[in-house]
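The values are calculated or read from the model by the stated rules, or taken from the named source; none is laboratory data. What you see is a predicted model, and the numbers here were worked out from it, not measured in a lab. Note that each Cβ is placed from the backbone with ideal geometry, even for glycine, and that neighbours are counted across all protein chains shown.
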Amino acid sequence: MEQPNAGSRSSSESILVAGHPYRGYIRSIAAAFESHGLSTDILEWPVLEYNPLDAMMYGISQGAQMHQDETQQRLNSQAFERQMTKAAPDYALIMNGVRISQETRRLCHEAGTKLALWAYDTPVRLPWIMESLDSYDLVYTYEPEDLTALSRNAQASFLPLAYDHRVYQPFSRERMFQTDLCFVGTVIRKWPERMERLRRLSKYLSNRKIEIWTDSIHLWSPRGVVDILTIGGGKDRKVRRREADHTEINELYNRTKVCLNIHMPDQRKAVNPRTFEILGSGGFLLTDRLMTNIPDFEEGRDYVIYSNIDDLLEKADEFISADDRRVEIAEHGHFLAGKSHTYVRRAERVLRDLRNTD
């Protein structure tokens, strides 16, 4: 069990954690700060509802995308300013960035609030983040290659996301594996590499049980539906087309032999949270990304990497059958993840940095 160790200050300190409500990530992060004795408030960004036409236009029209992004940013900023006025916390952590207005800067300054940004998308490609860098006391990014650009206008450092140890954990050492390979994540035409890998795996592992969980397939994208149904054809193919909660995903990783990770193309050297969620569950991680920026992890001992699609096919097939070696790698990776890569540990780091900021 995680033991808080972020200093000796009293629980009179407070923090506001703000971000998108998707899958409850900000609630996991807020709970981590609570474990260090802070009083926490959570601000979930207002969700801008899209009808099918809006969603379609967002995908094909740059103008429509910019308009909807601007609207969402305005709603986010207004909500943040209201919460700042109400709570006046000691610290505020914004997940993934919001366009900070002059009014927000003034409110933070008057309240004595130290403001941090934790970007888990590539921040240099998001204008509302780059335009507001000088508003933050600290900036964290999960993309190491963005540090140079971010450091020009902010005190920036590398900090990958992590996992919620209260949810992601092994069931037992004696698992009953029911699925040979699984993938959880977005599957859309924008990232054809993912679709191609899943198609090839489905064909190559024709006698294996495969599960794909995605919440990105909608009725107004019929080609996507056809693609995912093609992957899911047959009695040994299961496709779940809805948003799954973390408890369900942990259960999937626990009963699956090989847990596949595919990073998005704009994640150049970043390590996504799926990495740590698989390891946290005790699952065997087969991934496309070397963890060169994560201390202590060693490829082949704590996880396994594939270099191209043919390598993916061979290693997936190999480790589905290599029970003893697969379990040994999974257990070692789980130990390291639990030691240093939970949200409790990330909160400890952020809190220490905020306390030491002038």
Members of region 128-171 that are more than 21 Å from the chain's Cα centre (by Cα) and of a type in the set (A, V, I, L, M): LEU133, ALA149, ALA154
Residue pairs meeting the criteria (Cβ under 9 Å; at least 6 apart or on separate chains; first at negative phi and aromatic (Phe, Trp, Tyr), in region 249-263; second surrounded by 23 or more Cβ atoms within 10 Å (Cβ to Cβ) and in a helix (DSSP H, G or I)): TYR253/GLU277; TYR253/ILE278; TYR253/GLY280
Residue satisfying condition, being within 27 Å of ASN293 (Cα to Cα) and either out of contact with any Asp or Glu (no Cβ under 6 Å at 6 or more places or on another chain) or at pLDDT below 90 (or both), within set THR113, THR148: THR148
Residues of region 90-103 satisfying the condition of being buried (at least 22 other Cβ atoms within 10 Å of the Cβ), free of Cβ contacts under 8 Å to residues at least 60 places away in the same chain and at negative phi: ILE100
Some residue of region 116-133 being hydroxyl-bearing (Ser, Thr, Tyr) and assigned by TED's automatic domain parsing to the domain that holds GLY283: no
Filter result for LYS235 (out of contact with any strand residue (DSSP E or B) (no Cβ under 9 Å at 6 or more places or on another chain), surrounded by fewer than 20 Cβ atoms within 10 Å (Cβ to Cβ), part of a loop (DSSP other than H, G, I, E, B) and modelled with pLDDT under 85): yes
Matching residues, region 306-337, being of a type in the set (A, V, I, L, M, F, W, C), part of a helix (DSSP H, G or I) and free of Cβ contacts under 8 Å to residues at least 40 places away in the same chain: PHE335
Scope region 338-358; condition touching a strand residue (DSSP E or B) at 6+ places or on another chain (Cβ under 8 Å), in a helix (DSSP H, G or I) and not acidic (Asp, Glu); matching residues: TYR343, VAL350, LEU351, LEU354
